[in-house]
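Reading through the structure tokens given below for one structure.
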Amino acid sequence: MTSTGQEPSIFTRIAAREIPATIVAETERIIAFEDIAPQAPVHVVITTKTQQYANVVELAGGDPGLMAELVAVAAGIAAERANGQFRLVFNTGEAVGQTVFHVHAHLLARTGPGTPAGDSSLGEGSLAFR
Ligand code: 5GP
């Protein structure tokens, strides 16, 4: 259980190293790891270590500084891996595909120079906007 009395989310358990993941960036309050089911050449989940916010609306209202930190981490990963050009998706609500109710962004991007032609799809599957 967490300090808020909730069961730890899957992302809290990844941050605690209870569930393995490929972690790509970490700060005191943010953690980023490869999505287990990537839907773009670069697909990184970026989340807050606290699970107190269920979605981006709650996070932006409750702790705008932490929201800004999450975006800065996204930009840093994209600068390293995707020439700084990226899409940031916050699924908000079950009806649009949110499955983990612990705020997180999907960083979706093409890889940098040298990416083979054809390896450039973004946002397929549940992240495509249909
Ligand atoms: P949502 O559908 O809530 O917007 O996004 C949840 C994301 O978490 C999905 O893209 C899913 O593939 C990813 N995910 C769920 N469980 C795990 C896991 O155990 N490890 C990793 N690395 N990603 C996960």
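Each reported figure results from applying straightforward, stated rules to the coordinates on display, with no laboratory input. Because the structure is a prediction, the values reported are computed rather than measured. Because the Cβ atoms are built from the backbone with ideal geometry, glycine has one as well, and the counts that use them run over all protein chains shown.
Numerical summary
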item: Filter result (surrounded by 16 or more Cβ atoms within 10 Å (Cβ to Cβ) and within 12 Å of the chain's Cα centre (by Cα)) within segment 10-24; result: PHE11, VAL24
item: Scope segment 48-74; condition farther than 21 Å from GLY84 by Cβ and among the β-branched types (Val, Ile, Thr); matching residues; result: THR48, THR50, VAL56, VAL57
